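Accompanying notes for the structure given below.
The values are calculated or read from the model by the stated rules, or taken from the named source; none is laboratory data. It should be emphasised that the depicted structure is a prediction, and the values quoted were computed from it without experimental measurement. All Cβ positions, even for glycine, are placed from backbone atoms using ideal geometry, and neighbour counts span all protein chains on display. These area figures cover heavy atoms from the full protein model, side chains too; ligands, DNA and RNA do not enter into them. Shrake-Rupley method; radii C 1.70, N 1.55, O 1.52, S 1.80 Å.
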Amino acid sequence: MLVTGASGIGAAVARRCLDEGARVFVVDRDDERVADLRGELPGLSGLAADLAGEVGAEAAVTGAVGALGGLDVLVNVAGLSGRRFGDGPVHEATAAGWDAVMDNNARSTFLMCRFALGPMLRQRRGAIVNTGSVLAYAPAAAHFATHAYAASKGAIHALTKSMAAAYARDGVRVNAVAPGLIATPMSERAQGDPEILAYLRERQPLTGAPGAPEDVAAAIVYLVSDEARFVTGSVLEVAGGWSVAG
Ligand SMILES: NC(=O)c1ccc[n+]([C@@H]2O[C@H](COP(=O)([O-])OP(=O)(O)OC[C@H]3O[C@@H](n4cnc5c(N)ncnc54)[C@H](O)[C@@H]3O)[C@@H](O)[C@H]2O)c1
């Protein structure tokens, strides 16, 4: 199993899958995060690479195939929130912000799928899970107005469905998760903002609080497992009721 992202949700997926006996290869652009997770989890293999570029994405897949002896499962979790690059509401967002977010979220997901499909199509078996967001289809204008981010996640949902349709007859399943606000390093700003925490009490009514990375990992583990052998093209919301709250 190849997991992108050695922090937050990606790290939770790696921990859970190793616990269940899977062989896991992790890739992140941040080499310290890869090293820390490998230090914590003996048996984990991995490397550092920038997945927004073809060279890094290809190296990630080649490295995983070499370390694991093949590739059955790809879990695309790596991504970023682009506020610091200039993402924001459209009238204020910069083109550089748009590009950074599209590159690191949508382009990296596309490239990883493209390279992983090689071995999967040859063996006529594979499962891919991509990471979208509730913000792609259920916005929260007052608190999460990063419009390039929402667009990048919408692109990931659309890519997921198009690929699911195209590769179903080849034995490759493609699904996505759409998390709500999850307590990870990415959402530190939101976790420390009392107004956002008050908002979550209404918007994520199951708990009234941020979700845990393990909540998303559990959904991903289901989608890549044989329990989901009849499931493809779905976007599974893991968000405490975000899109039905109100
Ligand atoms: N945390 C949330 O509230 C939340 C909500 C909805 C969706 N998501 C999505 O979940 C995914 C994981 O986020 P997280 O919360 O675990 O965040 P995180 O910041 O803890 O982890 C994301 C990791 O992706 C890596 N990364 C980013 N761009 C990369 C690239 N081009 N190449 C290689 N690695 C790269 C980062 O270095 C980081 O370690 C992201 O796609 C994010 O958009 C998160």
Sorted by chain and number, the residues with a modelled amide H under 5 Å from that of Gly211, at a separation of 5 or more or across chains, are Leu181, Ile182, Ala183
Between 0 and 90°, nearest 10: helix 213-224 axis offset from the chain longest Cα axis
40
Which longest uninterrupted range of the chain lacks any GluC sites (Glu not before Pro) assigned by DSSP to a loop state (not H, G, I, E or B) and surrounded by at most 12 other Cβ atoms within 10 Å?
93-246
Fluctuation leader among Ser108, Ser81, Ser133 - the chain, Gaussian network, Cα springs under 10 angstrom
Ser81
With a point put 7 Å past each Cα toward its Cβ, work out how far Asp170 is from Arg114 in nm, to one decimal.
1.4
Helix-only mean residue ellipticity at 222 nm, the chain, DSSP H runs n ≥ 4 weighted -39,500 (n - 2.57), per residue, nearest 500. What is it?
-13500 deg cm²/dmol
How much length is gained if the chain between Ala141 and Thr62 is pulled fully straight, taking 0.36 nm per residue apart and subtracting their Cα-Cα distance, in nm to one decimal?
24.4 nm
I need the fraction of alpha carbon pairs in segment 1-119 separated by more than 17 Å, rounded to a whole percent.
54
Per residue and in Å³, how big is the convex hull formed by the alpha-carbon atoms of the chain?
119
Would you check the accessible area of Arg125, probe 1.4 Å, heavy atoms only, in square angstrom rounded to 10?
120
Give me the angle, in degrees from 0 to 90, between the Cα long axis of helix 108-123 and the longest principal axis of the Cα atoms of the chain, rounded to the nearest 10.
30
Percent carbon-and-sulfur accessible area, segment 97-246, ignoring ligands, DNA and RNA, probe 1.4 Å
56
Would you kindly derive the ³J(HN,Hα) couplings of segment 195-205 from the backbone phi angles with the Karplus curve 6.51 cos²θ - 1.76 cosθ + 1.60 (θ = phi - 60°), listing them in order in whole Hz, with x for Gly and Pro?
5, 5, 5, 5, 4, 5, 4, 8, 7, 10, x
Taking θ = phi - 60°, what integer Hz values does the Karplus form 6.51 cos²θ - 1.76 cosθ + 1.60 yield along segment 22-37, in sequence order, with x for Gly and Pro?
6, 9, 10, 10, 10, 9, 8, 5, 8, 5, 5, 5, 5, 5, 4, 5
Quickly work out the Arg229-to-Glu92 label distance, labels modelled 7 Å from Cα along the C-beta direction, and quote it in nm with one decimal.
5.1
Using the Cα atoms of segment 1-49, I'd like the radius of gyration and the largest Cα-Cα distance, Dmax, both in angstrom.
9.1, 26
